[in-house]
Amino acid sequence: MTNFTREMYKDLNVSDEVYNFCNNIQKNLKERFYHIDEVAEYNQLKVLASMRKNKVSDIHFAATTGYGYNDLGRDTLESVYASVFNAEAALVRPQLISGTHALNIALSGNLRPGDEILSPVGKPYDTLEEVIGIRPTKGSLKEYGITYRQVDMLVDGSIDYEGIKKAIHEKTKLITIQRSKGYDTRPTLSVKQIGEIITFVKSIKNDVITMVDNCYGEFVEIIEPTDVGADMIVGSLIKNPGGGLAPIGGYIVGKEIYIENAANRLTAPGLGKEIGATLGLNQQFYQGLFMSPQIVSGALKGAIFAANIFEELGYEVIPNGVESRHDIIQAINIGSPEGVIAFCQGIQAAAPVDSYVTPEPWDMPGYDSKVIMAAGTFVQGSSIELSADAPIKPPYTVFFQGGLSWHHAKFGIMTALQRMIDNKTISLQ
Ligand SMILES: *Cc1c(COP(=O)(O)O)cnc(C)c1O
């Protein structure tokens with residue numbers, strides 16, 4: 001068997017040298033992978049229990065059109081999401097175009113002129129800078145008289161509780177906590193840490209709305225921010241909870257009142273959750289959620305596999321090879337432009353879609369350097385599928401995530417390593 005697999009890798013341009021090196025690394029990860037499987041097992045049961053409790057049936061997969069009144073599938077899916085995340089209500093819609101859109105709706109639906117947002121964990125994800133108006137943008141919350149404040153994490157990556165206490169005042173209406181580091185190098189927060197921040201903030205001002213940007217975090221642990229007091233969590237269906245099957249969508253889950261406010265902003269005041277046709281996408285939403293714990297476990301194995309390979313080769317990897325994981329993103333400081341380009345080209349060459357395309361660095365709007373991106377995905381921009389990107393500037397860090405199966409993630413990483421060996425940015429000797 002091993003020989004057949006080895007030959008197949010060879011046919012796909014992965015040398016014996018890379019095959020042996022990577023498989024030796026994998027052998028040492030057995031215990032780690034076993035733990036990841038245990039988390040996936042628990043989360044699989046959690047999702048299944050919610051589907052059973054809500055009596056999901058094939059009538060829920062029927063398409064609605066037009067206004068989408070009485071879309072049973074949509075309403076039941078929202079109940080399933082609410083149960084999975086241990087919350088009162090949910091808004092799960094194809095009309096939520098992306099994670100950024102869902103975050104914008106959650107914020108703008110729940111804030112009013114004069115309110116202030118506080119981020120107690122530093123700068124939020126890039127696209128939110130425009131939503132909030134940290135970077136001047138037409139239609140930002142700032143233009144509607146909503147102010148923003150942030151408290152950075154301390155240099156050692158811990159939370160600045162003193163600073164948070166000082167930053168909260170009578171106008172503080174909502175705190176936004178980003179779980180994942182995103183494309184930053186600060187540590188990702190564990191759900192437990194998020195719970196500690198929430199408890200602290202509520203002890204100072206009890207009526208503050210606590211919102212968590214949950215992108216890339218779903219099902220990595222057995223609890224979610226809503227289990228530790230978050231009033232609202234927000235994410236994208238073309239990341240973890242869509243399980244690779246959702247072709248579009250976002251979710252907001254939390255307290256009834258905040259979900260209603262968000263729904264009135266998404267559709268119109270008074271219409272709220274009552275309308276919004278699902279156009280036949282419900283089955284993919286249900287099935288994707290059902291698959292998600294398993295898919296997330298594969299992506300996590302890929303991230304840990306890569307961390308251990310590149311750490312062994314002397315590179316700085318964030319998180320490192322042994323740290324506990326709270327999201328699916330892996331960063332590797334490769335240190336040279338040739339290295340990150342070869343890595344991304346390897347990920348692309350290993351993709352099921354557009355494998356014959358060679359990505360090149362380009363001047364992407366909104367970035368201060370060229371950026372290279374590898375994404376041979378079934379769903380455009382889907383980052384639960386194996387994908388990588390890197391700004392072409394020091395320290396030449398590549399960020400990658402996803403993989404619809406562990407074996408694809410493994411192959412992608414081995415191909416990336418092979419490309420780096422082929423262009424002589426790395427050597428296994
Ligand atoms: C991906 C992401 C977003 C935005 O999601 P899009 O779907 O790309 O708009 C926001 N926050 C974090 C932490 C993310 O990872």
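Which whole-Hz ³J(HN,Hα) couplings does segment 200-213 yield from phi under the Karplus relation 6.51 cos²θ - 1.76 cosθ + 1.60, θ = phi - 60°, glycine and proline marked x?
These are the phi-based 3J(HN,Hα) values: 4, 4, 5, 6, 8, 9, 5, 8, 5, 7, 9, 10, 10, 6 Hz.
Residue by residue, what Karplus-based ³J(HN,Hα) values in Hz, rounded to whole numbers, does segment 107-117 have, using 6.51, -1.76 and 1.60 with θ = phi - 60° and x for Gly and Pro?
6, 5, x, 10, 10, 10, x, x, 6, 10, 9
So how do 116-127, 263-274, 295-306 stack up, highest first, on mean other-Cβ count within 10 Å?
On the way: 116-127: 20.4, 263-274: 16.4, 295-306: 26.1.
Descending mean neighbour count gives 295-306, 116-127, 263-274.
Cβ neighbours within 10 Å, averaged per peptide: list 130-139, 276-285, 8-17 in order, most packed at the top.
Values: 130-139: 15.8, 276-285: 21.0, 8-17: 14.1.
The peptides rank, most packed first, as 276-285, 130-139, 8-17.
If I fit a long axis through the Cα atoms of helix 30-53 and take the longest principal axis of the Cα atoms of the chain, what angle between them do I get, 0 to 90°, rounded to 10?
The helix 30-53 is inclined about 30 degrees to the chain.
Mind pulling the angle between the C-alpha long axis of helix 337-349 and the longest principal axis of the chain? Nearest 10 degrees, somewhere in 0 to 90.
With both axes taken from Cα atoms, the answer is about 80 degrees.
Using each residue's phi in segment 16-29, evaluate 6.51 cos²θ - 1.76 cosθ + 1.60 at θ = phi - 60° and report the 3J(HN,Hα) Karplus result to the nearest Hz, with x for Gly and Pro.
4, 4, 5, 4, 5, 4, 5, 5, 5, 4, 4, 4, 7, 9
I'd like to compare 413-419, 237-243: which one has the highest average count of other Cβ atoms within 10 Å, and what's the full order after that? Don't skip to the answer; put the middle values down first.
Working: 413-419: 26.1, 237-243: 28.9.
Going by the mean number of other Cβ atoms within 10 Å, highest first, we get 237-243, 413-419.
Which far-off residues, 5 or more places away or on another chain, put their amide H under 5 Å from the one on MET364, with H placed in the peptide plane?
HN-HN under 5 Å from MET364: VAL371.
Would you mind classifying the chain by shape? Square roots of the alpha carbon gyration tensor eigenvalues, ordered a ≥ b ≥ c; an a/c under 1.5 is rounded, otherwise it is prolate if a/b is larger than b/c and oblate if not. Write out the running numbers ahead of the final one.
On the way: a/c = 1.79, a/b = 1.40, b/c = 1.28.
Prolate, since a/c reaches 1.5 and a/b exceeds b/c.
Throughout, read-outs are computed from the coordinates displayed, never taken from laboratory work. Note that this is a predicted model, so its numbers are computed, not measured. Cβ coordinates were reconstructed from backbone atoms using ideal geometry, including for glycine residues, and neighbour counts include every protein chain displayed.
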